[in-house]
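Visitor: The structure that follows is given in the form of structure tokens.
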Amino acid sequence: MSRSDADLIRDAQHHLAVLHQHRPRHIETRGLGRGCSVKIMLRGAPLADSYIRQARLAMDGPDSEASFQVIEGHPTSRVVIHVPHASTLIPDWVRERIRLNDDDLTCELAFMTDARTDEIADAAADLAAVRPWIFVNLRSRLVVDPERFPNPEQEPMAAPDIGMGAVYTRTAHGELLRDDDPAHHEALLDRYLQPYAQALTRLVEERLAEVDEVTIIDLHSYPLVELPYERLHHADAARPEWA
């Protein structure tokens, strides 16, 4: 494993630890094919191992009807919290077309998932004087990314060297995630992206009809150091002050 890979793994570990507002007491990394294994000890408990076990279970899950969830807020709330990248669920029929083995896919989920941002949204809503509405993506961004334009010509992240349009073809490190199959991509967009976009639009329009003004909070987490795919799009861009 190269030094740069080790640095990225440590950064992913820190990213997961920050979400719990603690620094890891012990960190262990080891190579695993083209992927990685991550272990974080938080107050003696292996946080990342439990998260990755959850990812392993979720990434081969069944495909239920609902691919998103609307959590109702107060009728007078002018805030919608959008949580697009918290899930690790990849339905079976989508998993079949992903070229990574289970170990490498688990690693990719650890790098690309905004872990537990759905829990942050719930906690923030509980503390708010007026409870906001929450819109949560229940599928991994490796299924489709609802924050990308579906037309590759309109989406900078769909450039061939990045491969992260609405349907990803490349990993965070630029490796092949899935084949560039237009028919499969269109099926993913039809099944997940279009209904998602319509439902979020409908929620915002309904809130506008009720309260005249809506603020959408797009909830993410970020590693302290750019992942390789980010450097291809906005190298050395300023990172968020906190994440």
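Visitor: Find the residue count for segment 149-163, including only residues that are surrounded by 15 or more Cβ atoms within 10 Å (Cβ to Cβ), of a type in the set (A, V, I, L, M, F, W, C) and either more than 18 Å from the chain's Cα centre (by Cα) or not in a loop (DSSP other than H, G, I, E, B) (or both).
Guide: Selection size over segment 149-163: 2.
Visitor: Give me the pairs, please: first residue somewhere in segment 152-180 and in contact (Cβ under 8 Å) with a residue 12 or more places away in the chain and farther than 18 Å from TYR192 by Cβ, second residue anywhere and assigned to a loop (DSSP other than H, G, I, E, B) and among the charged types (D, E, K, R), beta-carbon distance under 7 Å, and either six or more positions apart or on two chains.
Guide: The qualifying pairs are GLU175/ARG34; LEU176/ARG99.
Visitor: Given the structure, is GLU230 of a type in the set (Asp, Glu) and either exposed (fewer than 13 other Cβ atoms within 10 Å of the Cβ) or in a helix (DSSP H, G or I) (or both)?
Guide: For GLU230, the condition - of a type in the set (Asp, Glu) and either exposed (fewer than 13 other Cβ atoms within 10 Å of the Cβ) or in a helix (DSSP H, G or I) (or both) - is met.
Visitor: Does segment 215-223 contain any residue that is under 29 Å from CYS107 (Cβ atoms), part of a helix (DSSP H, G or I) and at pLDDT below 95?
Guide: For segment 215-223, residues under 29 Å from CYS107 (Cβ atoms), part of a helix (DSSP H, G or I) and at pLDDT below 95: absent.
Visitor: With ALA199, ALA166, ALA183 as the choices, which residue is closer than 22 Å to ARG95 by Cβ, at pLDDT 95 or above, small (Gly, Ala, Ser) and not in a loop (DSSP other than H, G, I, E, B)? Full working, then the answer.
Guide: Details: ALA199 fails: closer than 22 Å to ARG95 by Cβ; ALA166 fails: not in a loop (DSSP other than H, G, I, E, B).
Of the residues listed, the single one that is closer than 22 Å to ARG95 by Cβ, at pLDDT 95 or above, small (Gly, Ala, Ser) and not in a loop (DSSP other than H, G, I, E, B) is ALA183.
Here is a yes/no grid of residues against (1) over 30 Å from ASP181 (Cβ atoms); (2) small (Gly, Ala, Ser):
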| position | (1), (2) |
| --- | --- |
| ILE71 | yes, no |
| THR76 | yes, no |
| ILE81 | yes, no |
| SER87 | no, yes |
| GLU96 | no, no |
| ARG99 | no, no |
| ALA123 | yes, yes |
| ILE134 | yes, no |
| ASN137 | no, no |
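Visitor: Tell me, which residue of segment 91-131 that is polar (S, T, N, Q) and surrounded by 14 or more Cβ atoms within 10 Å (Cβ to Cβ) is nearest to VAL143 (Cα to Cα)?
Guide: Taking segment 91-131 and keeping what is polar (S, T, N, Q), we get 101, 106, 113, 117.
Okay, now just the ones that are also surrounded by 14 or more Cβ atoms within 10 Å (Cβ to Cβ), so 106, 113, 117.
Values: THR106: 14, THR113: 12, THR117: 18 Å.
Restricting to residues being polar (S, T, N, Q) and surrounded by 14 or more Cβ atoms within 10 Å (Cβ to Cβ), the top hit is THR113.
Visitor: Sticking with this one: Within segment 188-237, count every residue that is more than 28 Å from THR171 (Cβ to Cβ) and either touching a helix residue (DSSP H, G or I) at 6+ places or on another chain (Cβ under 8 Å) or of a type in the set (D, E, K, R) (or both).
Guide: The number of residues fulfilling the criteria is 9.
The values are calculated or read from the model by the stated rules, or taken from the named source; none is laboratory data. Small disclaimer: the values here were computed from a predicted structure and weren't measured. Counting neighbours? That spans all protein chains shown, and the Cβs are built from the backbone with ideal geometry, glycine included.
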